[in-house]
Amino acid sequence: MKIIQSFAQFDNGSPRAFGDKEKNLLGFYSFLLSYLTLNKYYGKIRMYCNQAAQDALIKYIPYDEVNIVENRNTEQFWSYYKVDIMKSMRTDFIHVDTDVFIFADLFSEFINNEEYDIIVQNHIPKDINYVKGYVDMFRELVVQHNIIDPDKYDGRCNSCGIIGMRHKHKKPYIEICEIMRKGFIDAETKDNWFIGMASEELAFYLAELKNGWKSYDILPYNDVLKYTEKGAGNYHNYTHMYLDSKFQPRYVKAIRMKTLHEFSNAIKYIERYEKEVMKNTEILKDIL
């Protein structure tokens, strides 16, 4: 089982901090803590990134292996690099977003139990699923390609801060991703966030429904309903820095302090980055 991460840097930087040069620099801290927590429990972690990401950021993180894969996608498909990387996998894998921190061994139950087909962060309830309208909006495409019976869709989605699967399930998932991607292009869809979530996370849920896969959820659905995703994360020693929170100085400061407290060897990575990259920035003062 491979534990992997991925990141493609666009001309404007990270998709969550486009256009803000200094804010983009703060992504380092979540990347570092994410890697360190994964490495603590699972050893070797592989990063896939484009050369721009390697030069600007990834070289400052002590990844055990870095594979350079250039990005074929425009900013419209900002999340699809992740799908492309999963498409290239030749074994069972778990992909972890670089703004996810784990503080316990959360994957071994899935890794060691062949009863489970896939692993996800959690299932998103219908009432907070931003892309639940996709099946109706693209009903003709969904029916034509036999993605799912629209009348059997329950309005839910997968939240894929964590996404993984047995290798045998990769092909049917990627097929749905590619159908949805082409559908967005043909329809000239403009909502980048809708595209990003639907063509990765909703596609995974539709593949799960269609194929009857058994999912291992890091955050159990009933806990999400009871506590919200954030509350369930706190309960299960799991943190996902949603949206642009990982670029907000008050949260970055907390991430930095947590990293230094939990990982004694992290100071050399932080000092190097702050000396070589952050030293002449105003924003550094806000996180020290």
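No value in this document is a laboratory result; all are computed from the given coordinates. Quick caveat, the model's predicted, so the values are computed rather than measured. Quick reminder, even Gly has a Cβ in these numbers, built from the backbone with ideal geometry, and neighbours come from all protein chains shown.
Residues of the range 109-162 that are more than 12 Å from Tyr205 (Cα to Cα), of a type in the set (Ser, Thr, Tyr) and either without any contact (Cβ under 8 Å) to a residue 12 or more places away in the chain or touching an Asp or Glu at 6+ places or on another chain (Cβ under 8 Å) (or both): Tyr116 alone. Kindly indicate whether Ile45 is loosely packed, with under 14 Cβ neighbours inside 10 Å, farther than 29 Å from Lys285 by Cα, without any contact (Cβ under 8 Å) to a residue 60 or more places away in the chain and of a type in the set (Val, Ile, Thr). No, not satisfied.
Within the range 238-261, the residues that satisfy the criterion of being in a loop (DSSP other than H, G, I, E, B) and over 17 Å from Tyr35 (Cβ atoms) are Tyr242, Leu243, Asp244, Gln248.
Residue under question is Ser215, and the condition is that it be polar (S, T, N, Q), in contact with a strand residue (DSSP E or B) (Cβ under 6 Å, 6 or more places away or on another chain), more than 28 Å from Asp286 (Cβ to Cβ) and surrounded by 16 or more Cβ atoms within 10 Å (Cβ to Cβ); does it hold? Taking the combined requirement at face value, the residue satisfies it.
Given the options Ile195, Ile267, name the one that is in contact (Cβ under 8 Å) with a residue 24 or more places away in the chain, hydrophobic (A, V, I, L, M, F, W, C) and either more than 23 Å from Asp127 (Cα to Cα) or part of a helix (DSSP H, G or I) (or both). Result of the check over Ile195, Ile267: Ile195. Checking the stated criteria, Tyr235 turns out to be under 24 Å from the mean Cα position of the chain (by Cα), aromatic (Phe, Trp, Tyr), under 26 Å from Gly161 (Cα atoms) and surrounded by fewer than 16 Cβ atoms within 10 Å (Cβ to Cβ). Counting only residues that are among the hydroxyl-bearing types (Ser, Thr, Tyr) and closer than 14 Å to Asn122 by Cα, the range 155-187 holds 1 of them.
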